[in-house]
Structures are given as structure tokens and as C-alpha cells.
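S.K.: This is the structure I want to talk about, given as C-alpha cells.
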Amino acid sequence: MKGNHLLSLADFSREQIMLMLDTAADLKRQRYRSVHGTSLSGKSIGMIFEKPSTRTRVSFEVAIHELEGYPLFLSSQELQLSRGEPIKDTARVLSRYLHGIVIRARSHGDVVELANNSTIPVINALTPKFHPCQILADLLTIREKLNELEGLKLAYIGDGNNVCHSLMVGAATMGLEVVVACPESYQPDPGITRVAQERAKEALAKVEVTQDVKEASKDADVLYTDVFTSMGQEDEKAQRLEAFLPEYQINADLLKQASPHAIVMHCLPAHRDEEITDEVIEGPHSVVWDQAENRLHTEKAVLALLL
Ligand code: CP
Ligand code: NVA
């Protein structure tokens, strides 16, 4: 995997994703023994953020620090990018200084262009299309809580967005049965759904998209949701709330449809009483804080393996 970009989980095999999860689990155990890896010693990693972030920014920065690398936080407003310097020029220059780039961008195409013109690994820290780093932490969390991945039923309820796209691809690759329930106008991209379905076929799993929340959540081992209004969609908030509420909210009634041992996941930040009720996110089935913590361990694994 050394030298690869991480733009989408679709670029990685089941074995490679498993190695990322196993490496993350090792690094997590080592952290509790206060023995940190030194895989990034002497390496500098640039972190370009065009959108706000709490988890991704802090977990990557701490991960780089604990692996003895040097993190440079680069707000896009402070780079010449903001004054129109082409992405391909930025990529070529940064490749001369840095050993890797983590980027959260408003356009997925910009991240692809950055990667195509960089000679160092580029890691997608969220675009409107994908959020692969989030899903690695999610898979680690599911495996920790339910002891396996293959054969579990995961229901994603809500917007067919970046998190949903990466979750479909990542979970299907690892053999989970994925059922996505969305209103008709907010379904995931059909091309990405097809990729996830192909992955599922190889893993003897399945990916299904429905509008039926009850069918999706019935006997689910994992209930997952994300915000109805993602970053950059703020103008659509009123119409989105109307389309999603009350049907697509994870609440105590919906939780009753799922398996009694079901875990409830959310990539965060959450909008309480929109996509999830305060009662459920604070309740005994919620694993959202462990999920957020695992970002640190999976971020470390990605950096150690790609760089
Ligand atoms: N889940 C996630 O990516 O959170 P941030 O936007 O805070 O990074
Ligand atoms: N779908 C959300 C995820 C935030 C981590 C967004 O893109 O804003």
C-alpha cells in the first residue's frame, strides 16, 4: 500500500482494508501501553482544510504527532490556492516539501486532480462524494463491539451522502449486508451503489437501497445515520427537514425494530432531534464516542501504511 493515495475505499481490496483495521487495533493497544510507533519519523504531512472539522483535523494532527511526524495545518484561505494558483501547481510544489497530504475539499474532482499531480500520497479527509477515513473507524468500531463484520446487517437511515457512499462501499467489501433507507430524491449515487453491489457480490453480501425505513432497520445489528444537511447544503435545510422528518429519524421506536444487541452509530457532528433523538444518541445502544475515538487509531494506520 506504500505510496498509494486514499481517495475512495473502492481503490482498496478486502485484504488491504483488513490490514488497515488490524494495524489500527495494534496501534490502539500500543497507545494504552504508551508505546507509540515511530513510522512517520522525519516526515512532514500537510493538512489542507477547505471546510470546518473537529474530529478529522484533531485526530490526524495527533496521529502524526504520536507517530513522530510533523503535521502542518494549512487553511485553504492562507494558501495561494485561495488566490487562484492551480491545483496541479500546488500539488507539484507541495510534493517537493512534504511526504503526504491530507485534504478536506469542497470538490471531489479537486482532490483527484491534486492526487494526479502529486508524487506523494494524498488522503481524502472528506469531499461531497466520499469520506473513506470515517468508514475505517466505523468498521473498527463495529468489529470491536460485535466481534465480527461478515454477515452483520447494517441499516443506514438518512441522506445518501458522502458518508453513505463510503459506508456502502467499505461495509460491502467487508461482507456486511447493507440496507440504505432514504427518501426518493435523496438516494445515493447510482454509480456508487453499483460499485458497492459489485463489492458485495465478491464478499457474498448484499447492498440494497429502499425508502422503507422499517424494512431497513428490521433485525439490524447496526443502525447508522448522518446529518440531513451536509456542509455546503445549508440553503437546502428547510426542504431537507421536510423530506426526512419524521420518517427517517433514528428514535426509540425505530430502535425497537433492530436487533436487541444493535449498536447505533453516527459519524458526528450530530443534530439532535433531527436525524437522531437525544435519547438514542445518549442511550445504551449508542457507540458514537468510541467511533470518534477510533478515528485517531485508523488515521494512524492509514498514515503508517501509505507513507
Ligand atoms: N466525522 C467527521 O469527519 O467529523 P469532523 O467534521 O469534525 O472532522
Ligand atoms: N455528511 C457530512 C459529514 C460530516 C462529517 C458532511 O459532509 O457535512
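The values are calculated or read from the model by the stated rules, or taken from the named source; none is laboratory data. All of these numbers come straight from a predicted model, not from anything done at the bench. A quick note on method: Cβ atoms are made from the backbone with ideal geometry, for glycine too, and the neighbour counts reach across all protein chains shown. Surface accessibility is based on the protein's heavy atoms, side chains included, excluding ligands, DNA and RNA. Shrake-Rupley method; radii C 1.70, N 1.55, O 1.52, S 1.80 Å.
S.K.: Hey, what number do you get for the chain at 222 nm if only DSSP H runs of n ≥ 4 count, each worth -39500 (n - 2.57), divided across all residues, to the nearest 500? The partial results should precede the final answer.
M.R.: On the way: 12 runs with 133 residues, N = 307.
Result for the chain, helices only: -13000 deg cm²/dmol.
S.K.: May I have the pair-distance distribution P(r) for the range 1-146, computed from all Cα-Cα distances with 10 Å bins from 0 and rounded to whole percent?
M.R.: Going from the shortest bin to the longest, the percentages are 11, 40, 37, 11, 1.
S.K.: Next question, about the same structure. Just to confirm the number: angle between the C-alpha axis of helix 288-306 and the first principal axis of the chain, 0 to 90 degrees, nearest 10?
M.R.: The angle comes out at about 40 degrees.
S.K.: Based on a Kirkwood Rh over C-alpha pairs, give the Stokes-Einstein translational diffusion coefficient of the range 17-96 at 10 °C and viscosity 1.306 mPa s in µm²/s. Show your work: numbers first, answer last.
M.R.: Working: Rh = 14.5 Å.
The calculation lands on 110 µm²/s.
S.K.: Shifting gears a bit: Counting only pairs 8 or more places apart or on different chains, how many lysine pairs in the range 169-307 have C-alpha atoms closer than 27 Å? Mind showing how you got there, number by number?
M.R.: Values: 201/214; 201/218; 206/214; 206/218; 206/256; 214/237; 214/256; 218/256.
Total qualifying Lys-Lys pairs in the range 169-307 comes to 8.
S.K.: I need the fraction of alpha carbon pairs in the range 183-304 separated by more than 26 Å, rounded to a whole percent. Numbers along the way, then the final one.
M.R.: On the way: 2099 of 7381 pairs.
Summing the P(r) of the range 183-304 above 26 Å gives 28 percent of all pairs.
S.K.: Using θ = phi - 60° and the Karplus form 6.51 cos²θ - 1.76 cosθ + 1.60, what ³J(HN,Hα) does each residue of the range 237-244 get, whole Hz, x for Gly and Pro?
M.R.: Listing the rounded values in order: 4, 4, 5, 5, 4, 5, 6, 8 Hz.
S.K.: Something else now. Calculate how steeply helix 14-32 sits against the longest principal axis of the alpha-carbon atoms of the chain, using the helix alpha-carbon long axis, and give the answer as 0 to 90 degrees to the nearest 10.
M.R.: 80 degrees
S.K.: What are the residues whose amide H is under 5 Å from the amide H of residue 5, where those residues sit 5 or more places off or on another chain and H is modelled from the backbone?
M.R.: Sorted by chain and number, the residues that satisfy this are 122.
S.K.: Something else: Rounded to the nearest whole Å², what accessible area per residue is found for the range 9-156 with the 1.4 Å probe? Numbers along the way, then the final one.
M.R.: Values: 6680 Å² over 148 residues.
Averaged over the residues of the range 9-156, the accessible area is 45 Å².
S.K.: Tell me, what % of the accessible area of the chain is carbon and sulfur with a 1.4 angstrom probe? Could you put the intermediate results ahead of the total?
M.R.: Details: 6190 of 13040 Å².
About 48 percent, which is the carbon plus sulfur part of the accessible surface.
S.K.: Right, next: Would you mind getting the accessible area per residue of the range 165-307, heavy atoms of the protein chains only, 1.4 Å probe, in Å²? The partial results should precede the final answer.
M.R.: Values: 5920 Å² over 143 residues.
About 41 Å² of surface per residue is accessible.
S.K.: Further question: When the Debye formula is applied to the Cα atoms of the chain, each taken as the same point scatterer, what base-10 log of I(q)/I(0) results at q = 0.14, 0.15 Å⁻¹?
M.R.: Reported log10 I(q)/I(0), two decimals: -1.04, -1.18.
S.K.: Here's something else I'd like to know. Among 73-81, 190-198, what's the highest-first ranking by average C-beta atoms within 10 angstrom per residue?
M.R.: Packing order, densest peptide first, comes out as 190-198, 73-81.
S.K.: Can you tell me the 0 to 90 degree angle between the C-alpha axis of helix 87-97 and the longest principal axis of the chain, rounded to 10?
M.R.: For 87-97 against the chain, the angle is about 60 degrees.
S.K.: Given H placed 1.01 Å from N in the peptide plane, which residues other than close sequence neighbours of residue 250 have an amide H under 5 Å from its amide H?
M.R.: Long-range HN contacts for residue 250: 276, 277.
S.K.: Same structure again: In whole Å, what three semi-axes, largest first, describe the equivalent ellipsoid of the range 232-307 built from its Cα gyration tensor (square root of 5 times each eigenvalue)? Could the numbers behind the result be given before it?
M.R.: Numbers: eigenvalues 148, 78, 18 Å².
After scaling each eigenvalue by five and taking roots: 27, 20, 9 Å.
S.K.: Right, next: For the range 26-80, what is the relative contact order in percent, using Cα pairs closer than 8 Å and at least 6 residues apart in sequence? Don't skip to the end; give the middle numbers.
M.R.: Details: 62 pairs, mean separation 24.3, N = 55.
For the range 26-80, the relative contact order is 44 percent.
S.K.: Do you know the relative contact order of the chain, to the nearest whole percent, from alpha carbon pairs under 8 angstrom that are 6+ apart? List each step's numbers first, then the result.
M.R.: Values: 612 pairs, mean separation 63.3, N = 307.
Normalised by residue count, the contact order of the chain is 21 percent.
S.K.: In terms of modelled amide H atoms, which long-range or inter-chain residues lie less than 5 Å from the amide H of residue 74?
M.R.: Those qualifying (amide H under 5 Å, at least 5 residues apart or on another chain) are 47, 48, 49.
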